[in-house]
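Step one of this worksheet: look at the structure below.
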């Protein structure tokens with residue numbers, strides 16, 4: 001698993017780690033059932049504190065991306081393909097609204113934004 005964290009970013013490391021794992025799942029690099037490194041091993045590999053990895057794993061578990069078993073460790077959840085909840089859709093819409101606003105302020109057209117979205121979406125490992 002190749003994870004890239006930006007130590008000088010304003011985004012907290014645990015959030016960057018969470019995002020990298022979600023991207024890995026969406027792109028098919030971390031398939032369902034894939035065992036993730038232990039908290040200690042991942043912290044050592046990335047050169048970060050174990051509490052940072054622990055916080056990222058706890059968030060991923062809470063969001064349903066991973067399951068954690070004391071005997072078998074953390075694995076990518078098999079329950080990922082579930083209906084979109086209204087709360088998630090509302091949060092997604094809010095995030096998209098901000099991203100679109102930033103794109104518009106920077107001069108991006110509707111067509112350019114739509115093409116960017118299509119290109120990015122096509123990079124995901126969509127299971128139909």
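The values are calculated or read from the model by the stated rules, or taken from the named source; none is laboratory data. This structure is a prediction, so every number in the text was calculated from the model and none was measured. Here the Cβ is made from the backbone with ideal geometry for all residues, glycine too, and neighbour counts use every protein chain on show.
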For segment 21-52, give me each residue that is farther than 23 Å from residue 71 by Cβ and crowded, with 18+ Cβ neighbours inside 10 Å. 24, 46, 48, 52
Which ones in segment 40-73 are closer than 16 Å to residue 19 by Cα and touching a strand residue (DSSP E or B) at 6+ places or on another chain (Cβ under 8 Å)? 57, 60, 61, 65, 66
One residue is enough: does segment 76-92 have a residue meeting the conditions crowded, with 16+ Cβ neighbours inside 10 Å, in contact (Cβ under 8 Å) with a residue 40 or more places away in the chain and under 16 Å from the mean Cα position of the chain (by Cα)? yes
What are the pairs, 6+ residues apart or on separate chains, where a residue within segment 2-17 that is without any contact (Cβ under 8 Å) to a residue 60 or more places away in the chain has its Cβ under 6 Å from a residue that is in a loop (DSSP other than H, G, I, E, B)? 13/5; 13/48; 16/5
Test residue 57 against the criterion of being under 21 Å from residue 6 (Cα atoms) and within 15 Å of the chain's Cα centre (by Cα), and give yes or no. yes
Take the conditions under 14 Å from the mean Cα position of the chain (by Cα) and either under 15 Å from residue 77 (Cβ atoms) or at pLDDT 95 or above (or both) and apply them to residue 46. Does it pass? no
